[in-house]
Every structure is written in C-alpha cells, then in structure tokens.
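Below is one structure; the comments refer to it alone.
The values are calculated or read from the model by the stated rules, or taken from the named source; none is laboratory data. From a predicted model like this one, the values you see are computed outputs, not experimental measurements. Positions of Cβ are backbone-derived with ideal geometry, glycine not excepted, and every protein chain shown enters the neighbour counts.
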Amino acid sequence: MLPKFSSRAFLAPMAGVSDPALRLQCKKMGAGLVVTEFTNIHSIVAKESQLKERMKTIQEFIEYSDEERPLSIQLFGSDLSTLRKAAKIVEPFFDIIDYNMGCPAPHITQQMAGGALLQEVNLTQQIFRTLVNAVKKPVTLKIRSGVTDTNKFLFREIAEIAEDEGIQMITLHPRTVSQGYSGAADWNMIKELKEISSIPIVGNGDITSPEDAKHMIDNTNCDYVMIGRGAMGNPFLFEQINDYLKTNSYKEYSFKDRLDSFFDYLHLTSRYKIKFANIKGQAMRFTKGIEGGSKLRSKITLSKNIEDLEKIMSDAYISS
C-alpha cells in the first residue's frame, strides 16, 4: 500500500539537486512526497558490503532524515540479481522504492538503464517482477513517453505491463528520451495514461507555477504532480501550489525571502555530507530570476568554501 501523502505536489529526484537538505526544505514547505537522487544498484550493493565491515548501514551512503517521510528512493540499473539485492538492502530504510526508466543522460542510457529500457519490453517486465517480488514496500515507476519521436507512445505498453506486475504508481514525464529537456512536455499523454490506468498517475514536466500545477491536474485528471526544475531554488512553490489548489490564491515571495530560504538550506546542509560544488549550484538556483542575480552568480562562482558563500549571500541580503 502506498503511504498517505500530505499534498498532491511531489519533489522530483534530480541528480546533484535533490539532496537531503533541499528535500527536507521542500517537505517543510508542503511537498507531499520527496524522492532521493537516483542511485545506481551496483553502488548500493558494493557500498553495503564495505559498510557492513564497519558496522554501518546504507544510511551512511544514502543520507536522509526521518522528517522527510514518506520518503522514496529511486534506483536505476537493469541487472536482475543486483536489482533484487539492492532493493532488499534499501527496503528497511525507505517507504517507497521507485524505479527510473526516464533518465535521458547518455551515460545512463548506454548502460541499458534509465530511458533506454522503454524499448526493452521483456527485460522491463522482468525488472518489475523482480522488484515487486523482492520487497514488501510499494514499488513505483518513473518513465518518459518514448525514446524517439517515432516511438513516442511506448509508455502505453510499459504502463500496462507495470500495472499487471504490481507497480503501484506511475510518474510520466511526457517527453522522449532524445528530446532531453527541450521542447514542450505533451500533457495530453498524461491524460491518456490516466484514462488507461487504474493506479495513481503523477504528471511531471514544465510545472513552474501554481497555475501550471492546477492546469495540469484539471486538464489531465492526474492524481499528483511532480516538480523538478521548477522547484530548484524555489521550495516555496509547494506551499503556493497547495494554497492555490485549495483557495485559488497564494502568497508571493520576495528576493529577501529567497535569500532567507537559501540560509535555511545552508543551515540544513551542515547535517549532511553534501559536496560544496552542489551547495554552490543550489546558491546559483536560489538567485535565478531576481534583480542583480547575474552579478551575484558571478561572485558565487568564485566562492571557495561555505564561509565565502555565506559572506556573499549575507552582503546581498544587506544591500537588498
């Protein structure tokens, strides 16, 4: 059984972005579900044996906090015996196990993982069966519509197989793998998937405002929406979406609010082992779309450590 979600807006897994500090921040701002950055099944199995020797658990490798719950872990990789082992290793720590069949990055698709699997119907079926049989926690799926424009409706068959094999929820990003993040997401495909499925469907792609979220829900009838790039440096979006869906209005946030929010994020990072390069990347995102943002970003680029970064952001705060 899927856990109960506190809202209809979810945070998407994003490599180098959805770290445990940002996830917690989005959760506090009203995200109904947060998902870890996608994790390679081979790394999980290899790490676990190293950690066992030091009497540590996989939590050392995949950091999270209980305040994020319900928490989903996203896995990728298609070797069945490794997949079974990895799923069993992470099961005690997470509420949902999500499987990635949507990543368009060439270094992922070349290893028969992510979006490349959409063309491999038999293997896909075995993957779903392996996962569902390996664990008692709910298994969910994230997919793209197809690989190229000529087979952009592959999601229909994959979704049917997924449902038959016991997958409990599907997130569809309606772009093809070859599209990457270019062009527009075709929300009609989400609508179609919802019509042919009897499990919850999560719509994903091009939601950057509360109006977009409502529009997607109204037009596609999807159960939930998942926000990726729209939430980068903007955790307020979850609260705004939740308010807009309930009351048709929402609070606007100022530049100072964005900076406050970045300091909250920075404060949370001290609990975890997050690379400074990633924290710097988040700082850049928190300054997107604000007056004087590009000047601020060139200063951020030069920062060498947390102290530098804090000073740059504090100065910006004082002068705003």
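Listed by position, the helices (runs of 4 or more DSSP H) inside the range 78-175 whose residues that are at pLDDT below 95 and under 20 Å from the mean Cα position of the chain (by Cα) number at least 2 are 106-109. Of all the residues in the range 281-293, those that are part of a helix (DSSP H, G or I), closer than 19 Å to Cys26 by Cβ and either modelled with pLDDT of 95 or more or not charged (D, E, K, R) (or both) number 5. Scan the range 240-249 and give yes if some residue there is under 20 Å from Lys288 (Cβ atoms), out of contact with any helix residue (DSSP H, G or I) (no Cβ under 6 Å at 6 or more places or on another chain) and of a type outside the set (Lys, Arg), otherwise no. Among the residues of the range 240-249, not one is under 20 Å from Lys288 (Cβ atoms), out of contact with any helix residue (DSSP H, G or I) (no Cβ under 6 Å at 6 or more places or on another chain) and of a type outside the set (Lys, Arg), which makes the answer no. Taken over the range 186-195, the criterion of being under 18 Å from Asp164 (Cα atoms) and crowded, with 17+ Cβ neighbours inside 10 Å is satisfied by Glu192, Leu193, Lys194. For the range 196-208, filtered to residues that are closer than 27 Å to Glu165 by Cβ, surrounded by 15 or more Cβ atoms within 10 Å (Cβ to Cβ) and of a type in the set (A, V, I, L, M, F, W, C), the residue that is nearest to the chain's Cα centre (by Cα) is Val202.
What pairs come out if I take residues in the range 83-104 that are outside the structural domain of Ser65 (by TED's automatic domain parsing) and pair them with residues that are among the acidic types (Asp, Glu) whose C-beta lies under 7 Å away, six or more apart or interchain? Filtered contacts from the range 83-104: no entries.
Listed here are the residues, each with its yes/no results for (1) among the basic types (Lys, Arg); (2) under 25 Å from Pro70 (Cβ atoms).
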| site | (1), (2) |
| --- | --- |
| Leu131 | no, yes |
| Arg156 | yes, no |
| Ser178 | no, no |
| Met189 | no, no |
| Ile201 | no, yes |
| Ile227 | no, yes |
| Phe238 | no, yes |
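Within the range 101-144, the set of residues being in contact with a Leu (Cβ under 8 Å, 6 or more places away or on another chain), surrounded by fewer than 22 Cβ atoms within 10 Å (Cβ to Cβ) and polar (S, T, N, Q) comprises Gln119, Gln126, Thr130.
Checking each residue in the range 209-253 for being under 21 Å from the mean Cα position of the chain (by Cα), assigned to a loop (DSSP other than H, G, I, E, B) and farther than 19 Å from Met189 by Cα picks out Ser209, Met232, Gly233, Asn234, Pro235.
Applying the selection to the range 26-60, what residues are in a helix (DSSP H, G or I) and farther than 18 Å from Gly16 by Cα?
Answer for the range 26-60, where residues must be in a helix (DSSP H, G or I) and farther than 18 Å from Gly16 by Cα: Lys28, His42, Val45, Ala46, Lys47, Glu48, Ser49, Gln50, Leu51, Lys52, Glu53, Ile58.
Cβ separations smaller than 9 Å between residues 6+ apart or across chains give the following pairs from the range 294-307 residues that are assigned to a helix (DSSP H, G or I) to residues that are surrounded by 11 or more Cβ atoms within 10 Å (Cβ to Cβ) and among the basic types (Lys, Arg): Arg297/Lys288; Ile300/Lys280; Thr301/Lys280. In this structure, does Thr247 turn out to be touching a Lys or Arg at 6+ places or on another chain (Cβ under 7 Å) and more than 30 Å from Ala316 (Cα to Cα)? Here the answer is no, as Thr247 does not meet what is asked.
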